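The values are calculated or read from the model by the stated rules, or taken from the named source; none is laboratory data. Nothing here was measured: the structure is a model prediction, and the numbers come from that model. Positions of Cβ are backbone-derived with ideal geometry, glycine not excepted, and every protein chain shown enters the neighbour counts.
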Amino acid sequence: MHPAGTPRTTVVVVTWQGRAHLGDCLDALGRQTRPHRILVVDNASTDGTREVLAEHPSTPVVLRTATNLGYAGALAAALRQVHTPFVAWLNDDAVPEPDWLAELERALDENPSAAAATATLIAPNGSVQSSGVRLTDQGYGFDRDTEPPEPAEAESSAAPRTGRRAEADASAVSAATTESAATAMSATVPSATVPSESGVSVEAAPVVGAPTGVGATPAEGRRAAPTAVVDGAASVNAGDGSRDEPVRRGPTAASTSTDASPAEQATAGPEVFGLCGGAALLRTPVLRAIGGVPARFFCYYEDTDTAWRLRLAGHDVIWARHARVLHHHGVSTRPGSARFHRWNERNRLLMLLRCAPGEVAVRELLRFAAITVLLPLRGRRGQVVPNTPNFRVGLRAGVIAEVLGRLPAVLLDRHRIGRRSRVSRQFVWRRWSGR
């Protein structure tokens, strides 16, 4: 048990060239109603992000990387510095509502079988971006609020996942539109440099991220950011497959207004396959026990890979319906770019080779290769080829080369994951794919 007022969560914020929007994220963390610690991983930013962090009243712990590690690499580096029972992942262009962290912690407290809780991500226009991740029958991870395409169209779509941030393309940086908000912190401690692993320097400030209780007051001259309001929760498909053990399932998605029934007001919504890495809470010891974060992914699918491994280890993932975050998607990446498609396709295949049943992983790798070989023939026959980067032969050949080059290490990962598993790969696939 932790004494009242002691932080149970370290909120990890990964940023790259985040000067324009990082302050809004940190301001929102300052308004949280639960005490917490803030750990910002600065992925070798050169745009003035360092100055924003140095001047912000929250005085977060800062890990500065010598090179851009990507979202996955930054999360992996941060995990070594987390000493709280929970770790939260939060995009730097996300603005959580004041009770976001309280709702996530409460969801895991009330569901001891769950090792992760995913939040509700809301777009600036009020629509729901994500309430968790579903697994398609081709092994793609899709936000449950995005209709996956028909199988023949899956690769041409490769819909961007809200929670996976590329942290890579400087030309993609755009200013967030949310106004700066106030921060009230319980302490300000001068930072000091602490040695770290992997060439990462840590500027440490042992700070409780928000005062105990509610009602942090705005700092002078700053205006509170608007709170995202959702009239209704997302429509979901939780799946009804059988399990080796009893299925613990929350209520179906329904209105989140104050007129909702007690069941509809429950903290946790339906059990979901996976978490959205843009705003989620995980149990730190469990995350370490399943092998941490796949740093070599760089970005994209690190959250879905984590969900696979949590499920193989026998843990649940739930949706904390009232943990809401306003999310400005695509601030530091370009969904649909060649890099986006390369990382998406590569990491999906790597994830399947690591976690999925062998026949599924081999089938998807062969299917990807077969489409690559047949694309020139389709073009010569005058057949329509989707005009997206993931249907360019050069990009696809590069993906295949990367996957094959990593195959020895990936197969070793697969062996280690299998040794930790309590549930079969086939069971997880049957239970969740295509639902």
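Yes or no, residue by residue, for (1) surrounded by fewer than 24 Cβ atoms within 10 Å (Cβ to Cβ); (2) farther than 24 Å from Pro285 by Cα:
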{"position": "Gln17", "(1), (2)": "no, yes"}
{"position": "Asp24", "(1), (2)": "yes, yes"}
{"position": "Val52", "(1), (2)": "yes, yes"}
{"position": "Glu55", "(1), (2)": "yes, yes"}
{"position": "Ala66", "(1), (2)": "yes, yes"}
{"position": "Gly70", "(1), (2)": "no, no"}
{"position": "Leu104", "(1), (2)": "no, no"}
{"position": "Asp109", "(1), (2)": "yes, no"}
Does Ala88 satisfy the criteria of being part of a strand (DSSP E or B) and either closer than 24 Å to Pro124 by Cα or in contact (Cβ under 8 Å) with a residue 60 or more places away in the chain (or both)? yes
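Listed here are the residues, each with its yes/no results for (1) touching a Leu at 6+ places or on another chain (Cβ under 8 Å); (2) free of Cβ contacts under 8 Å to residues at least 12 places away in the same chain; (3) crowded, with 18+ Cβ neighbours inside 10 Å.
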position	(1), (2), (3)
His327	yes, no, yes
Pro376	no, no, no
Phe391	yes, no, yes
Val399	yes, no, yes
Leu407	yes, no, no
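Which residue, of Val61, Val12, is touching an Asp or Glu at 6+ places or on another chain (Cβ under 9 Å), hydrophobic (A, V, I, L, M, F, W, C) and in contact (Cβ under 8 Å) with a residue 60 or more places away in the chain?
Val61
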Return yes when Val403 is in contact with a Leu (Cβ under 9 Å, 6 or more places away or on another chain), buried (at least 19 other Cβ atoms within 10 Å of the Cβ) and closer than 30 Å to Gly23 by Cα and no when it is not. no
Qualifying residues in region 132-156 (those that are within 20 Å of Arg392 (Cα to Cα) and surrounded by 22 or more Cβ atoms within 10 Å (Cβ to Cβ)) - the one modelled with the lowest pLDDT: Glu155
With at pLDDT 95 or above, farther than 24 Å from Leu312 by Cα, outside the structural domain of Gly314 (by TED's automatic domain parsing) and not in a loop (DSSP other than H, G, I, E, B) as the only criterion, which of Ala409, Ala370, Ala361 stands out? Ala370
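Anything in region 293-307 that is not in a loop (DSSP other than H, G, I, E, B) and not polar (S, T, N, Q)? List them, or say none. Working first, answer last.
Taking region 293-307 and keeping what is not in a loop (DSSP other than H, G, I, E, B), we get 295-297, 302-307.
Those that are not in a loop (DSSP other than H, G, I, E, B) and not polar (S, T, N, Q): Ala295, Arg296, Phe297, Glu302, Asp303, Asp305, Ala307.
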When you check Gly336 against the structure, is it modelled with pLDDT under 95, at positive phi and within 25 Å of the chain's Cα centre (by Cα), yes or no? yes
Could you please find all residues in region 272-310 being more than 20 Å from Ser421 (Cα to Cα) and not small (Gly, Ala, Ser)? Cys276, Leu281, Arg296, Phe297, Phe298, Cys299, Tyr300
Output the residue which, of all residues in region 412-435 that are over 15 Å from Ala307 (Cβ atoms) and of a type outside the set (Lys, Arg), is modelled with the lowest pLDDT. Gly434
Inside region 413-435, the number of residues satisfying the requirement of being in contact with a Pro (Cβ under 9 Å, 6 or more places away or on another chain), farther than 14 Å from Phe273 by Cα and of a type in the set (D, E, K, R) is 1
